[in-house]
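Visitor: Can you read through this structure? Questions will come right after.
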Amino acid sequence: MVRIIFHILFTVLFSFYWENAQALDSTSIAKKGVSDLRKVDLTKNPVALNGEWSFVWKKLLSSNDEAGYTSYVTFPAIWNNSTVNGEPLSPQGYATYGLTVLLPAGSDELSLNIPDFYSSYRLYINGKLFSSNGIPDSSVKNYQPKWINKTIRITDLSDTLVLTLQVANFSHTKGGPYKQIFIGNNKLMQADREKIIAGDFLLAGCLFMGGLFLFGLYLFGKNDKATLYFSLFCMVYSYRIVGSSMYALHSVFPDLNWQLTVRLEYISLFSSILLFIQYVRELYPLDVYKPIIKWLTVICMVVTITPIVLPTLIFSQIIQPFLALMFFCILYVFIVFIKAFLNKRTAANYALVSVAVLMSVMLLINLQYFGVIIPAGEIVFTGYIIFFFLQSLILSFRFAFTLKNAKLQAEEGLKEKSEFLSTMSHEIRTPLNSVIGMSHLMLKNNPRNDQKDQLDVLLFAAGNLLSIVNNILDYSKIEAGKIRFEHIDMDIAYILKNVVSGCKNLSDEKGISLKLKLPAQFNSNVLGDPTRFTQVMSNLVGNAIKFTKEGSVVIEVRVAKQDDEKVTMVFKITDTGIGISKEKQLTIFEQFTQADSSTSRSYGGTGLGLAISKKILELQGSQLQLESEEGKGSVFYFSQTFSVNEKYKEPLQLIPSMQDAKKEKSLKGVTILLVEDNPMNVFVAKSFLQSWGAIIDVAENGQQALDKLDTDRHKLILMDLHMPVMDGYEATRQIRKKGISIPIIALTASLPNEIEEEVKGLEIDGMILKPFVPEDLYNKVLEHTMVAL
């Protein structure tokens, strides 16, 4: 890319040289007030009327009166650098120039391109007023400055044109003509003029709109100051494109006040350099020398104020020393970009090329300003386009780099948050296991009625805390995109009956009817994720009960569509609770949100249940819908499509409660190796297992487990995964390496998806999540010791 830019720059500079050489060939050198064009083809290239013009100082002639002129002077040339008859001219004053132009035979359709002069003029052709800018006069009172570039057709053509040019200046530090007058074919010159003006407006419009875009990016983005300064630079410099040189803006609006436009022209130049310096400072802050930037900033700020408070005769004197300062600024920026390039800053290579292009453009403009070269419109236009394109590219890279860093930081923060939540989950679940386990043990010991009530409250509070922790972790996993869905056997009816059974106590306590309506005949054996389906239904049913004071909660299942491969079911939970107002129905699905602030105070909860349920369903291609009327109740419903299970299964029977199992089954004679480092967890698990008849051996870490394991006695290993000395992962590997096939059930306070990678290939036979309820522990142990019994 950089090579391409350098190639374009070389092409631009070569084109400039070629065009400049051609233009010099098209210059007619007048001698003693006469320009002989009789052998020049004016239908091709315009001809510059340069050379020796007749001249008179301190007189304004309106005709080519030979007696009125006192000498010959070089045209164009400003008065500041001119002498007449050995006397230097003053920048402020008035004079008349004369030139006789001899045209080739048959010349027609000719025009004159007349630039602006310092600072007003009248041009007569053959004694008739042809063009004027402002009012040139011998007195300051009647004089008015004006700068407009004009291309005017010559309507009264003859073989000789007598030009009389009056020029006056009392308002600028420079006076007199400094640009060439061209004569040539009207169509060609008008087309060139329109092309230049259109190009200026196109470039200015692009700069201004680009500046506005970048300014909006600054306001609504990361508030990057480099973007701000460059946006302001683009908008300010866009005025210079149309408000200087060819003065395209003045041509379209000829009545603009000169005092206003000349101040804007100077302010735009001074302030654009100031803004560009600030842009470079913010772009590569580690590569700038701050004292230099500070002094450049102060000088540019002072200079920018001068056109506002001082007369034109004073502030226009600043331009030449400021141009020297401007080249110093560009040179220093070039050095900064070289340092940035060597230090491998973002897009520094493009910055280096862009400032080289800018230096070339500024050089051409200033050579034109000092009258060294002719205007080079296409070259300057191309240079500007390359420069601003490269700067926009730099900001794009910078913006992309910032976004990338922000993304990495966000991902790192999300990872740290997940790790923190995972650690906190483990630390909270471990003591909760003791609280819940001890509560169940105390309930088994026939407590007094008042003690039973207190233990029930304790169990409810512990369960509520566990639910909150689970919800926060689940939402974190969903946000991080780490949630995965299983595609295994599941029985819809079995799951729903378990959900109803689990919520029955709460509904009975509130005196609410809880009903489950299933289709008369349907195969509820499908493939899906039973854990997530249970979580969604438990959240929805639990919410319905929580927000219903009286009446009923009804769970209804309807088969919407079914074939040999797929079945679509609609699940509806209807309650007669408090209902939700229409304006709140969308917000309740957002995280940590309930219908209003009073709801959380009255009913409790984090407001995560619905948000989690909604996201789980969305990730499976389903939508959670709501119909509700405030004060009358709510209906939450969704449809979900499952794959039909190829194997026919009778609906599973509910696992008998622990009390029933105790009567039918016993763990008497079963020896279990419990590997756990937490004394309270050892006490809880050991107490329950011994109460069911099991014999318990305890190991405090994995190494002790390897030492104590007796394949003849031990029928099951309950293995904690996080322990000192040797953790459960390594202990399990060592046991399996020895060819021991005793069932191993992992005990962990971590969620299954958090340790998914770690347990992969461990050959464990099951997992019990802490805190566990006695029924879960009993059922899992019973399942893997059936053979022993």
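Visitor: For region 286-333: of the residues being outside any helix (DSSP H, G or I) and farther than 21 Å from Thr346 by Cβ, which is farthest from the chain's Cα centre (by Cα)? Let's see the steps before the verdict.
Guide: Step one: filter region 286-333 for residues outside any helix (DSSP H, G or I), giving 286-289, 310-311.
Restricting the remaining residues to those that are farther than 21 Å from Thr346 by Cβ gives 310-311.
Numbers: Leu310: 44, Pro311: 46 Å.
Per the criteria, the residue is Pro311.
Visitor: Would it be correct to say that Asn133 is of a type in the set (S, T, N, Q), more than 12 Å from Gln166 (Cα to Cα) and out of contact with any Cys (no Cβ under 9 Å at 6 or more places or on another chain)?
Guide: Values: of a type in the set (S, T, N, Q): yes; more than 12 Å from Gln166 (Cα to Cα): no; out of contact with any Cys (no Cβ under 9 Å at 6 or more places or on another chain): yes.
No.
Visitor: What single numbered condition from (1) at pLDDT below 90; (2) more than 34 Å from the chain's Cα centre (by Cα); (3) open to solvent by less than 60 Å² (accessible area, probe 1.4 Å) fails to hold for Ala340?
Guide: For Ala340, the failing item is (2).
Visitor: Separate question: Residues of region 85-103 being modelled with pLDDT under 90 and open to solvent by less than 50 Å² (accessible area, probe 1.4 Å), which ones? I'd like the intermediate steps shown before the answer.
Guide: Step one: filter region 85-103 for residues modelled with pLDDT under 90, giving 85-87.
Those that are modelled with pLDDT under 90 and open to solvent by less than 50 Å² (accessible area, probe 1.4 Å): none in region 85-103.
Visitor: I'd like the full set of residues that are under 53 Å from the mean Cα position of the chain (by Cα) and open to solvent by less than 20 Å² (accessible area, probe 1.4 Å), limited to region 686-710.
Guide: Correct list: Asn701, Gly702.
Visitor: Let me ask something else about it. State all residues of region 698-723 that are closer than 18 Å to Thr748 by Cα and aliphatic (A, V, I, L, M); if no residue qualifies, say none.
Guide: Val698, Ala699, Ala705, Leu716, Ile717, Leu718, Met719, Leu721, Met723
Visitor: Take the residues of region 505-563 that are more than 41 Å from the chain's Cα centre (by Cα) and of a type in the set (Ser, Thr, Tyr): which is farthest from Thr574 (Cα to Cα)?
Guide: Ser524
Visitor: Where the second residue is basic (Lys, Arg) and the first is within 19 Å of Trp57 (Cβ to Cβ) and lies in region 129-152, which pairs have Cβ atoms under 7 Å and are six or more apart or on separate chains?
Guide: From region 129-152, the pairs are Pro136/Arg122.
Visitor: While we're looking at this one, here's another question. Could you please find all residues in region 214-246 being under 12 Å from Phe388 (Cβ atoms) and without any contact (Cβ under 8 Å) to a residue 24 or more places away in the chain?
Guide: Listed by number, the list holds a single entry, Ser231.
Visitor: Looking at region 711-727, which of its residues are in contact with a Ser or Thr (Cβ under 8 Å, 6 or more places away or on another chain), under 30 Å from Asp529 (Cα atoms) and open to solvent by less than 60 Å² (accessible area, probe 1.4 Å)? Before the answer, list the steps.
Guide: The initial filter retains those residues of region 711-727 that are in contact with a Ser or Thr (Cβ under 8 Å, 6 or more places away or on another chain), namely 713-716, 719-722.
Add one more test, that the residue is under 30 Å from Asp529 (Cα atoms), and what stays is 716, 719-722.
Within region 711-727, Leu716, Met719, Asp720, Leu721 qualify.
Visitor: Kindly list, by first and then second residue, each pair from a residue in region 707-727 that is in contact (Cβ under 8 Å) with a residue 12 or more places away in the chain to a residue that is open to solvent by 70 Å² or more (accessible area, probe 1.4 Å) and not aromatic (Phe, Trp, Tyr), limited to pairs with Cβ atoms under 8 Å and residues at least 6 apart or on different chains.
Guide: Going by the 8 Å Cβ cut-off, the qualifying pairs are Leu721/Glu758; Met723/Glu700; Val725/Gln703; Met726/Gln703.
Visitor: Could you tell me which of the residues Val298, Val302, Val236, Val309 is of a type outside the set (Gly, Ala, Ser), more than 23 Å from Ile338 (Cβ to Cβ) and in contact with a Ser or Thr (Cβ under 9 Å, 6 or more places away or on another chain)?
Guide: Numbers: Val298 fails: in contact with a Ser or Thr (Cβ under 9 Å, 6 or more places away or on another chain); Val302 fails: in contact with a Ser or Thr (Cβ under 9 Å, 6 or more places away or on another chain); Val309 fails: in contact with a Ser or Thr (Cβ under 9 Å, 6 or more places away or on another chain).
Just a single option satisfies the conditions, and that option is Val236.
Visitor: How many residues, within region 33-56, are of a type outside the set (Val, Ile, Thr) and either open to solvent by 60 Å² or more (accessible area, probe 1.4 Å) or assigned to a loop (DSSP other than H, G, I, E, B) (or both)?
Guide: First, pick out the residues of region 33-56 that are of a type outside the set (Val, Ile, Thr): 33, 35-39, 41-42, 44-46, 48-55.
Next, only the ones that are either open to solvent by 60 Å² or more (accessible area, probe 1.4 Å) or assigned to a loop (DSSP other than H, G, I, E, B) (or both) stay: 33, 36-39, 41-42, 44-46, 52.
The total comes to 11.
Visitor: Further, regarding this structure: Which residue is farthest from Phe401 (Cα to Cα), if the candidates are limited to region 247-285 and must be in a helix (DSSP H, G or I) and among the hydroxyl-bearing types (Ser, Thr, Tyr)? First the steps, then the outcome.
Guide: Taking region 247-285 as the starting set, the residues that turn out to be in a helix (DSSP H, G or I) are 248-252, 258-283.
Checking the rest, the ones that are also among the hydroxyl-bearing types (Ser, Thr, Tyr) come to 251, 261, 266, 268, 271-272, 279.
Details: Ser251: 44, Thr261: 40, Tyr266: 36, Ser268: 31, Ser271: 29, Ser272: 26, Tyr279: 17 Å.
Per the criteria, the residue is Ser251.
Visitor: Given the conditions (1) within 23 Å of Asp255 (Cβ to Cβ); (2) modelled with pLDDT under 95, and given that Thr155 satisfies all but one, which numbered condition is not satisfied?
Guide: Status for Thr155: all satisfied but (1).
Visitor: What number of residues in region 186-203 are in contact (Cβ under 8 Å) with a residue 24 or more places away in the chain, touching a helix residue (DSSP H, G or I) at 6+ places or on another chain (Cβ under 9 Å) and hydrophobic (A, V, I, L, M, F, W, C)?
Guide: Going through region 186-203 one residue at a time, the tally reaches 4.
Visitor: With the structure loaded, tell me whether Leu458 is part of a helix (DSSP H, G or I), buried (at least 16 other Cβ atoms within 10 Å of the Cβ) and modelled with pLDDT under 80 or whether it fails that test.
Guide: Working: part of a helix (DSSP H, G or I): yes; buried (at least 16 other Cβ atoms within 10 Å of the Cβ): yes; modelled with pLDDT under 80: yes.
In short, yes.
Visitor: Which number in (1) exposed (fewer than 14 other Cβ atoms within 10 Å of the Cβ); (2) modelled with pLDDT of 65 or more marks the one condition that Leu24 misses?
Guide: Against the list (1) exposed (fewer than 14 other Cβ atoms within 10 Å of the Cβ); (2) modelled with pLDDT of 65 or more, Leu24 comes up short only on (2).
The values are calculated or read from the model by the stated rules, or taken from the named source; none is laboratory data. Only a predicted model underlies this, so the values are computations on that prediction, with no experimental measurement involved. Counting neighbours? That spans all protein chains shown, and the Cβs are built from the backbone with ideal geometry, glycine included. Note: areas computed on protein heavy atoms with side chains; ligands, DNA, RNA excluded. Shrake-Rupley method; radii C 1.70, N 1.55, O 1.52, S 1.80 Å.
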